[in-house]
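Asks: The structure under discussion is supplied below as structure tokens; questions concerning it will follow.
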Amino acid sequence: MKNTHTKVAIGLIIIAVTLSVFTAGCFESSSTTSKIGVNEISPTKTNTQLESVNAKAPKAKNVIIFIGDGMGINQEYLANRYSEEVYGKNLTFPYMTNNIGLITTSSLGNDVTDSAAAAVALFSGYKTKNRMLNMLPNGTIPKKIISEIFKEEGKSVGIVTTTRITHATPAAMYAHIRDRGEEDIIALQMLKFEPTVALGGGAEYFLPENEGGKRKDGINLFEEFKKKGYVVVRNREELLKVDPSKTDKLLGIFSYSHMAYEIDRENIPEYQNQPSLAEMTEKALEILSKNPKGFILMVEGGRIDHGYHTHDIKAAVVDVKAFDDAIKVALEFQKKHPDTLIIVTADHETGGLSIGRGTCSYADSSSGNVKSYKENVKAVKNIKCSVKYLVNKIIEENLSKEEAVKLIEKMWGTKLTDDEKQLLFKYPLDSKITDKTILDYYPRVNEYLSNWGEYALTKIESDRARVYWTAYGHTQNPVAVWAKGPGDVLFRGYYDNTDIYTKILEASKGEYHNTSCTECTGTCITAPVAAATH
Ligand SMILES: [Zn+2]
């Protein structure tokens, strides 16, 4: 008994000492830049004395929030493995900070969220039903969108995405609507909201039907934006030419529907007139940073979700890489503007992705070969286009089986095996998926894949890379948060997606314990994650 008591007492002393350091101290993984010796912020000082050291919490004048749509932890990990194995270096953002958190993602009445409800949670701080944008099912609006609050404070608002600019995630920065599908109305709401910068895809909702668009009201929204003083650009070249010193408001719409997957943008000539996510981010920052009061910029890697929805690993990992490149632009910006908070997170996980399985190799009973379960994502290294593009091409050009195989082998840079060819031609490439075994396991497969050809090729990709899926839709898996800049410590821990909203507001007002080292005059103490909350 005595022994136990002693242990408990020692434990309590350790906890007390540790907490008193945490309450007041600033901590980071490195303590090399301290100006005051460790002893000067010793745990023996009182809390009041210690807090005064850190009374001034730096405010996040600028906030850049990156959303990897559908980018669960495994999606990030797979892309990071790919980067490591193919480019020989890791992605940047997973290592950019020690201020990492985990968030739950459920929506109102549904454990599995869609991108609309998830974005409302992140940008407006409350739960609503799937498909709804910035309102409750009874039509009321309980809280302002973070972008509305920033705008009222005289700050600029930027929205950058690779999806249609009227798609769920970007729309959640400016729209209030019952159904995310009403994108023609959402486009009108964007005109009314007037973001300083809006860059993405989706010209179809900006053009009237008689000009090739989907608008039934006859309005050409590009003209309406111009009337409001916007510079309007429609391709990469025009975007790169935009002179920020002469541009106060910028609208860039670079595709009819979503922008291309990065893998297609890089390799297929018809998509090379679209800018990269990094280029859009850079231009947005040049314009937004003109506002002395600051800004909020939302950057979405929107097609990451589509890559994982369709199980097209190559398209997905290359889009995560493009997302990482955009974050690098923000990190460079932050070096010159340290009053900028960068947050990287996701709205939900897509696909129920698992990477590798089992803990050891096993002997394949039929061949006697030793077959590993270990992830082999470098197997998709030579693939030069998305599966969607490839299958569309085969169907559009009405290729024979031989010609189809030839095209696939050319675009994939590898031969198809006999088994793979057998799977590919089991059903007509352009047919819906009717295979009972597949439908039993993935009842919604036809919502996400256009045809058998897409199923077969993405199955071959997954098998080669040894990654596994539980769904074609979203899952309720939690997702990660990375934060760097003023207030970044707030984002540590395990919490709900709605808390991101509150944390951004606290960071922007400097209403938090300054446990960050960015402006700390005291000693940086290496410490575990626990004490960031208060
Ligand atoms: Zn999705």
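Asks: If you take the beta carbon distance between N220 and R357 as r and set R0 to 51 Å, what does 1/(1 + (r/R0)^6) give as a FRET efficiency, to the nearest 0.05?
Replies: Values: r = 53 Å, r/R0 = 1.03.
With R0 = 51 Å, the Cβ-Cβ based efficiency is 0.45.
Asks: Grab the beta carbon distance between L240 and E447, set R0 = 45 Å, and tell me the FRET efficiency rounded to 0.05. Before the final figure, lay out the partial values.
Replies: Values: r = 37 Å, r/R0 = 0.82.
The calculated FRET efficiency here is 0.75.
Asks: For V112, tell me the accessible area in Å² from a 1.4 Å probe, rounded to the nearest 10.
Replies: Accessible surface of V112 is approximately 50 Å².
Asks: Pop out the carbon and sulfur fraction of the accessible area of segment 55-120 as a percent, whole number, probe 1.4 Å. Walk me through the numbers on the way to the answer.
Replies: On the way: 1110 of 2260 Å².
For segment 55-120, the apolar C and S fraction of the accessible surface comes to 49 percent.
Asks: Which Cα, out of Y501, A471, L429, lies furthest along the positive dipole direction of segment 394-509 (beta carbon charges, K/R +1, D/E -1)?
Replies: So the residue we want is Y501.
Asks: Can you sort H474, H337 by 1.4 Å-probe accessible area, starting with the largest? Show your work: numbers first, answer last.
Replies: On the way: H474 40, H337 60 Å².
Ranked from most to least accessible, the order is H337, H474.
Asks: Assuming a ≥ b ≥ c are the square roots of the Cα gyration tensor eigenvalues, decide whether segment 193-351 counts as rounded (a/c under 1.5), prolate (otherwise, with a/b larger than b/c) or oblate. Can you show the working numbers first?
Replies: Values: a/c = 1.73, a/b = 1.03, b/c = 1.67.
Judged from the Cα gyration tensor, segment 193-351 comes out oblate (a/c at least 1.5, b/c at or above a/b).
Asks: Continuing with this model, one more query. Sort the following peptides by mean Cβ neighbour count (other Cβ atoms within 10 Å, averaged over residues), highest first: 388-400, 282-294. Numbers along the way, then the final one.
Replies: Values: 388-400: 16.4, 282-294: 19.5.
Top of the packing list down: 282-294, 388-400.
Asks: Follow-up question, since we're still on this one. What distance in nm lies between label points placed 7 Å from Cα along the C-beta direction at D179 and K374?
Replies: According to this spin-label approximation, the distance is 5.1 nm.
Asks: For the residue pair D496 and E209, what label-to-label distance in nm results when each label sits 7 Å from Cα along the Cα-to-beta-carbon direction?
Replies: Between D496 and E209, the simple spin-label model gives 4.4 nm.
Asks: Rounded to a whole number, what % of the accessible area of segment 182-269 do carbon and sulfur atoms account for, probe 1.4 Å? Please list the in-between numbers first.
Replies: On the way: 1870 of 3910 Å².
After summing per-atom areas, the C and S share lands at 48 percent.
Asks: Can you figure out the FRET efficiency of K436 with K290, using R₀ = 41 Å and their beta-carbon distance, to the nearest 0.05? Before the final figure, lay out the partial values.
Replies: On the way: r = 59 Å, r/R0 = 1.44.
Rounded to the nearest 0.05, the efficiency is 0.10.
Asks: Here's something else I'd like to know. As a test of reading the structure, rank V481, V231, V329 by solvent-accessible area (1.4 Å probe, protein chains only), most first.
Replies: Working: V481 0, V231 55, V329 30 Å².
Result, largest first: V231, V329, V481.
Asks: With each label point set 7 Å from Cα along the Cα-Cβ vector, what nm distance links K192 and N90?
Replies: Reported label-point gap for K192 and N90 is 4.6 nm.
The values are calculated or read from the model by the stated rules, or taken from the named source; none is laboratory data. All values reported here derive from a predicted model rather than from experimental measurement. Cβ: placed from backbone, ideal geometry, glycine included. Neighbour counts: every protein chain shown. Just the protein is used for accessible areas: all its heavy atoms, side chains included, with ligands, DNA and RNA removed. Shrake-Rupley method; radii C 1.70, N 1.55, O 1.52, S 1.80 Å.
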